[in-house]
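Below: one structure, written as structure tokens.
The values are calculated or read from the model by the stated rules, or taken from the named source; none is laboratory data. The structure displayed is predicted, hence computed values, not measured ones. Glycine gets a Cβ as well: all are built from the backbone with ideal geometry, and neighbour counts include every protein chain shown. Side chains included, ligands, DNA and RNA excluded: accessible areas come from the protein's heavy atoms. Shrake-Rupley method; radii C 1.70, N 1.55, O 1.52, S 1.80 Å.
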Amino acid sequence: MNNPTVAVLVRVHQRTADLKVCLEAIRDYWKIYDYHIVIVSNGVKKGFTLSDEIRSLVDQVVELEEPQDHILGSSQLLLEGLPLIPEKCQYTVLLEADTWVFSDQIIDKYIRLMRDKKALWASAEWIKKVHSVALDFVIAETRFLKNNPGLFKFNKTPECFVCNYLRSHQGRYLLISECMPVHFPKFMRLFYKSVTGRRHSFNRARMVTHHLENLKGGMDEKKKLANIAAGFKAFDVEQTPREIRAGRCRLKWLELAMRIMPQSRWVKPKKTQNTD
């Protein structure tokens, strides 16, 4: 019997170099399901066109001529991509181009959990103190997405808007613990100057989400970080197995520290942010 087909909707503006690696990771390391990959891009007007090589890695491509700003642009990409998801795909993965995932075991795990718990959405919690869900890596029931385009008609704080929509429309959702916590506690940042606002390496999910412009070493540095998160040498860069093991130990320690550091959520109830 053939494997079920899962849709993957990838959105991109200028991060076409990231996109190529993202797609190659899907091709090389996602093996449990068959995948129907759709790219929606709104960077063509600014010169961010998609190469023939990128096009050869996917099933469908849509390039929008009129891009909107960052937040509305994300909404635009999602809304334009929804009609292209095949009906045969019961589940859809929503992915940003700079999010590289080196195993689909996490996808399989949460699809099974969603079936068991009758959930419609799974992603990480974005900010602990407010109801919010991450949008860079999502697993969702396709029919729910298609029947609820209002889910993505946000104009500010998308992570809170989507979570509020799910809660108000009885859309049961699961939190992907392997991608949490996302943001470093403020208390932790007082003592460890090397950590910034959010975390970009997730060893338990075998995922990285770094922005190249924030890395001094650019693409080579991100590939080294990806090898560490993946737990193996996915990229042939100058890096020893010992460095990969040491990097994974550091990631595990950081995650533990993030969980045990004092946080305001321990004493304050979670809030619902107004997104109207």
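Could you tell me whether LEU145 is open to solvent by 20 Å² or more (accessible area, probe 1.4 Å), among the aliphatic types (A, V, I, L, M) and either closer than 25 Å to SER103 by Cβ or not in a helix (DSSP H, G or I) (or both)? Here the answer is no, as LEU145 does not meet what is asked.
The C-beta contact set for region 33-45 (first residue part of a loop (DSSP other than H, G, I, E, B), second residue small (Gly, Ala, Ser), distance under 6 angstrom, 6+ apart or interchain) comprises ASN42/GLY73.
Residues in region 159-175 that are within 13 Å of the chain's Cα centre (by Cα) and either on the phi > 0 side of the Ramachandran plot or open to solvent by 50 Å² or more (accessible area, probe 1.4 Å) (or both): LEU175 only. The residues of region 121-158 that are over 12 Å from the mean Cα position of the chain (by Cα), of a type in the set (Val, Ile, Thr) and either modelled with pLDDT of 95 or more or under 18 Å from HIS13 (Cα atoms) (or both) amount to a single one, THR142. For ALA25, are the conditions met, namely being closer than 20 Å to MET219 by Cβ, crowded, with 16+ Cβ neighbours inside 10 Å and either touching a residue at least 12 places away in the same chain (Cβ under 8 Å) or not hydroxyl-bearing (Ser, Thr, Tyr) (or both)? Considered against the rule, which asks whether it is closer than 20 Å to MET219 by Cβ, crowded, with 16+ Cβ neighbours inside 10 Å and either touching a residue at least 12 places away in the same chain (Cβ under 8 Å) or not hydroxyl-bearing (Ser, Thr, Tyr) (or both), ALA25 comes out as yes.
Among the numbered conditions (1) assigned to a helix (DSSP H, G or I); (2) open to solvent by 40 Å² or more (accessible area, probe 1.4 Å); (3) not polar (S, T, N, Q), the only one that ILE127 does not meet is (1). The residue that is most open to solvent (accessible area, probe 1.4 Å), counting only those in region 236-258 that are among the hydrophobic types (A, V, I, L, M, F, W, C) and more than 19 Å from GLY217 (Cβ to Cβ), is TRP253. Against the numbered list (1) under 22 Å from GLY81 (Cα atoms); (2) part of a helix (DSSP H, G or I); (3) open to solvent by 10 Å² or more (accessible area, probe 1.4 Å), GLU178 comes up short only at (1).
Per the conditions (1) of a type in the set (A, V, I, L, M, F, W, C); (2) touching a Lys or Arg at 6+ places or on another chain (Cβ under 6 Å); (3) farther than 19 Å from ARG172 by Cβ, the sole criterion not satisfied by ALA119 is (3). Taken together, the residues in region 130-142 that are open to solvent by less than 20 Å² (accessible area, probe 1.4 Å) and in contact (Cβ under 8 Å) with a residue 60 or more places away in the chain amount to 5. The set of residues in region 181-221 that are among the polar types (S, T, N, Q), out of contact with any Ser or Thr (no Cβ under 9 Å at 6 or more places or on another chain) and modelled with pLDDT of 90 or more contains only ASN203.
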